[in-house]
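The values are calculated or read from the model by the stated rules, or taken from the named source; none is laboratory data. It should be emphasised that the depicted structure is a prediction, and the values quoted were computed from it without experimental measurement. Positions of Cβ are generated from backbone atoms using ideal geometry, with glycine treated the same way; all protein chains shown enter the neighbour counts.
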Amino acid sequence: MSAMQRVASYEHKNDYYYIILRQAPELGAKTYVLCCGINMPRFDPICWGKAGICSNPAFKGLQQLRADVSAFVLKLGLSSKNAEQFPCGSITPPVGDGWYRETPLLIERASPKNIKNILAFSVLDLVKTVLTVCAPDARVPAKVPTPPAMQKFLDALNVKNYREAAPPPIAKPRGSR
């Protein structure tokens, strides 16, 4: 019988998003997996009507996050690759009910200090990317606030009656092609 091994997990999650960097010793020494997702309806009061059809800025921000984290990891002298086989579902909110999950990312040769820096980078990158489109005048905190403080910051950007306040959808007038 093998002894239980302690697994480190670095997390930043609130009602808008989750970013989890979990140690994955079963995949190699100094290996972590990035699991990340967003609650798209939670971002609606900030993002509704701010981009074209099929261009949800929160959804696009989460997709961009993986690429940005990979670039950041490379700058740290580490490596990353897809971790499709990693079961993030056991440590994250279930898909559905508005939650969207991105494909996990494996980060290799990382120290706990690297992972803390990657987590801070990830939180600010996701929020800045989304707010660039949804609330371009918002001043994103320079340092990563606690998850509840970041949620309060995002809540303050919500637009009341956001569906009614949004511009009308872009549509061609009837009869034109």
(message) Against the definition (farther than 15 Å from Ile19 by Cα and not basic (Lys, Arg)), how does Ser111 come out, yes or no?
(response) yes
(message) Considering only segment 72-86, I want to know if a residue exists there that is surrounded by 14 or more Cβ atoms within 10 Å (Cβ to Cβ) and under 18 Å from Pro147 (Cβ atoms).
(response) no
(message) Out of Asp15, Asp68, I need the residue that is acidic (Asp, Glu) and within 21 Å of Asn158 (Cβ to Cβ). Which one?
(response) Asp15
(message) For the structure I just gave you, tell me whether Ile53 is farther than 14 Å from Val127 by Cα, outside any helix (DSSP H, G or I) and modelled with pLDDT of 85 or more.
(response) no
(request) Might you let me know whether segment 160-168 holds any residue that is surrounded by 18 or more Cβ atoms within 10 Å (Cβ to Cβ) and assigned to a helix (DSSP H, G or I)? (result) no
(message) Please verify whether Ile19 is of a type in the set (Val, Ile, Thr), touching a residue at least 60 places away in the same chain (Cβ under 8 Å), closer than 20 Å to Ser111 by Cβ and buried (at least 18 other Cβ atoms within 10 Å of the Cβ), treating the condition exactly as stated.
(response) yes
(message) For segment 68-94, which positions are among the hydrophobic types (A, V, I, L, M, F, W, C), over 13 Å from Tyr32 (Cα atoms) and in a loop (DSSP other than H, G, I, E, B)?
(response) Leu76, Ile91
(request) For Glu102, work out the one condition from (1) exposed (fewer than 15 other Cβ atoms within 10 Å of the Cβ); (2) closer than 30 Å to Gly49 by Cα; (3) among the acidic types (Asp, Glu) it doesn't fulfil. (result) (1)
(message) Exactly one of these conditions fails for Thr103: (1) over 12 Å from the mean Cα position of the chain (by Cα); (2) in a loop (DSSP other than H, G, I, E, B). Give me its number.
(response) (1)
(request) Report, by residue number, each residue of segment 77-99 that is of a type in the set (Val, Ile, Thr) and in contact with a helix residue (DSSP H, G or I) (Cβ under 9 Å, 6 or more places away or on another chain). (result) Val95
(message) I need every pair where a residue in segment 28-49 that is on the phi > 0 side of the Ramachandran plot and touching a residue at least 40 places away in the same chain (Cβ under 8 Å) has its Cβ under 8 Å from the Cβ of a residue that is surrounded by fewer than 19 Cβ atoms within 10 Å (Cβ to Cβ) and assigned to a strand (DSSP E or B), sequence separation at least 6 or different chains.
(response) Gly28/Glu108; Lys30/Glu108
